[in-house]
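The values are calculated or read from the model by the stated rules, or taken from the named source; none is laboratory data. Since we're looking at a predicted model, the values are computed, not measured. As a convention, Cβ positions derive from the backbone with ideal geometry for all residues, glycine included, and neighbour counts pool all protein chains shown. Protein only, heavy atoms only, side chains kept; ligands, DNA and RNA dropped before computing areas. Shrake-Rupley method; radii C 1.70, N 1.55, O 1.52, S 1.80 Å.
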Amino acid sequence: QMQLVESGGGLVQPGGSLRLSCAASGRTFSNYVMGWFRQAPGKEREFVARISWSGASTYYADSVKGRFTISRDNAKNTVFLQMNSLRPDDTAVYYCVASEVLFATTPDLYKYWGQGTQVTVSS
């Protein structure tokens, strides 16, 4: 089992920034593609971003491209999501996820999930 613990969520004004962190334990972190999903009230879980094992390759949903940046520190078993220019429609619970599949963008391909952290964008 891999345990994933997110932190860094909170309330931010439109146009602001937040940095989410996810600490992993229990498995060899560098063996997993890491990613982020989000789920807004009344909506399905939505893919946000993923990063390859070494960090050399990243992929983003169109809705966040150019505003969000995913990164990882394999020495610290941590993945990050830097979120800039936040908008009210970014409001959601954000989940850290892990997969053994490089091109995974659907929830069923991510084996491990964190508990989620709430991000609220509001004035």
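Listed here are the strands (runs of 3 or more DSSP E) enclosed by segment 1-44 that have at least 1 residues being exposed (fewer than 13 other Cβ atoms within 10 Å of the Cβ) and of a type in the set (A, V, I, L, M, F, W, C): 10-12. Scanning segment 29-86 for residues that are within 21 Å of V101 (Cβ to Cβ) and acidic (D, E) yields E44, E46, D62.
Annotation note: Cβ proximity below 7 Å between a residue of segment 11-39 that is within 16 Å of K111 (Cα to Cα) and a residue that is among the charged types (D, E, K, R) and crowded, with 21+ Cβ neighbours inside 10 Å (sequence gap 6+ or interchain) occurs for C22/E6; V33/R50; M34/R50; M34/R72; G35/R50.
Select the strands (runs of 3 or more DSSP E) contained entirely in segment 49-123, then report the ones holding at least 3 residues which are modelled with pLDDT of 95 or more, out of contact with any helix residue (DSSP H, G or I) (no Cβ under 8 Å at 6 or more places or on another chain) and open to solvent by less than 60 Å² (accessible area, probe 1.4 Å).
Values: elements: 58-60, 68-73, 78-83, 92-99, 117-121.
The strands (runs of 3 or more DSSP E) meeting that bar are 68-73, 78-83, 92-99.
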